[in-house]
Amino acid sequence: MLATVASIYSLLLGMGILLAGSGLLGTLLGLRAAMEGYSELIIGVIMSAFFLGYIVGSFVSPALIRRVGHIRTFAALAAVASAASLLHGLLIDPVVWWVLRIITGFAVLGLYMVIESWLNEQVRQKRGQVFAIYMMVSLIALGVGQFLILAYGPGNLASFVLVGMLFSLGLLPVALTHVSQPIPVETPRFPLKGLYRNSPVGFVGSLVSGMITGTFWGLSAVFALSIGLDNLGVALFISAVIFGGALLQWPIGHLSDNRDRRVVLVMVCLVGAIAATAIFAVAGTSLIALLVAAVLYGGFSFSLYALSVAHTHDRVDVHHVLEATRGLLLLNGVGASLGPVLTGLAMHYTDTRTLPLVMGILLVILALFIQHRIRVDRPVPAEEQGEFVPVTRTSPMAAEMDPRTDVEPELDLKG
């Protein structure tokens, strides 16, 4: 394990620094937008733009990497992300922020893609180790980044400067890495029609999971501020959800092995809805109770995407697994771009504190859909199921690191 980490430490370090900056920027924008008096709907629209850029980057970044190479692409996108971060602090305007969020989402997706295609060169024999380490570093960096809001606060331009510095500093370990550059990446294909035919639960689960996590990243800081938390409380709340996802995803996923994953998905949805309701109930009363509920909510809600991927893998031919995983990633991104807008609209016409209730309603709706599919579809036999692997949404290149995608796809899922 230590030898594996040593061989890729520069890539992990660079990505960790970048993700700390990205995590800080999301929370910073939510808090600053609330300070500026933007409505929940406007904030939701602004924050959803990040995922629009993410989707665009999935198709455009491979061509950019093929044209100028990995290091130059990484350097250019890190510079773009750094400049966009500074402009957020210099130009306080919702329309400008919406455009900048698209640019930032595009840049971050490209940075993910460069790092993950690089890591793919190192996973020929140790695919599972590298994949697990990478996912762990990603979640830890996002969680740690929340506490950097305490340095200057959301009302200070210096906070945006700090984000820009992190995007710039994250370039250094990658630019100086000894790891050889990989071959150019191909533009991914996303056969969604065939994907739904093969795995309706995986299809809808990935979409709803994106709506839930996109809403969390976009509006959780606004919710935390509305219940009276200070900057430290906001950081604790958001990081509790993130770390809950990191801690509980594997044991929950392991529980789904050798049994109908759809039953586990229903359980996860219902417990997640209960935890979301608990967040609503204890908000503004006890910080400790809020953090406990946040850990549980993060653990169960963040498991939805990985369980949806695992369920889809169980139902898709081995040669289709890679393209199916990429399709699920796109669906998750589409959901993440819709979630903040729809939830922001609901919060605008009700109350900011209703955020966890909206999340709980989405989880219950998903549970009802899965229960319907359980009644009309036969389960996958236990002997035909694969092993659960914890995953989060990054770029299409991460699918190639997944140890379950060892077989190259021979056909697509067009139907």
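Key figures for this structure:
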| quantity | calculated |
| --- | --- |
| Residue check, L169 more than 19 Å from A224 (Cβ to Cβ), at pLDDT 90 or above and open to solvent by 50 Å² or more (accessible area, probe 1.4 Å) | yes |
| Sole exception among (1) more than 26 Å from F51 (Cα to Cα); (2) surrounded by fewer than 19 Cβ atoms within 10 Å (Cβ to Cβ); (3) of a type outside the set (D, E, K, R); (4) in contact with a helix residue (DSSP H, G or I) (Cβ under 9 Å, 6 or more places away or on another chain) for Y196, by number | (1) |
| Residue in region 329-348 that is among the hydroxyl-bearing types (S, T, Y), farther than 20 Å from L195 by Cβ and touching a residue at least 60 places away in the same chain (Cβ under 8 Å) present | yes |
| Selection count where residues are farther than 19 Å from L41 by Cβ and β-branched (V, I, T), scope region 79-99 | 1 |
| Residue identified as closer than 21 Å to L176 by Cβ and open to solvent by less than 10 Å² (accessible area, probe 1.4 Å) among L18, L25 | L18 |
| Qualifying residue in region 141-148 (condition: in a loop (DSSP other than H, G, I, E, B), more than 18 Å from the chain's Cα centre (by Cα) and either aromatic (F, W, Y) or modelled with pLDDT under 80 (or both)) | no |
| Yes/no for V268 being assigned to a helix (DSSP H, G or I), in contact with a Ser or Thr (Cβ under 7 Å, 6 or more places away or on another chain), closer than 30 Å to T350 by Cα and of a type outside the set (D, E) | yes |
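For (1) touching a Lys or Arg at 6+ places or on another chain (Cβ under 9 Å); (2) at negative phi; (3) open to solvent by less than 10 Å² (accessible area, probe 1.4 Å), each residue gets a yes or a no:
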position	(1), (2), (3)
L265	no, yes, yes
A276	no, yes, yes
A281	no, yes, no
G284	yes, no, no
L296	no, yes, no
G299	no, yes, yes
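The values are calculated or read from the model by the stated rules, or taken from the named source; none is laboratory data. Here the structure is a predicted model, which is why all the values come from computation and not from measurement. FYI the Cβ positions are ideal-geometry reconstructions off the backbone, even for glycines, and counts take in every protein chain you see. The area values use the complete protein model at the heavy-atom level, side chains included, leaving out ligands, DNA and RNA. Shrake-Rupley method; radii C 1.70, N 1.55, O 1.52, S 1.80 Å.
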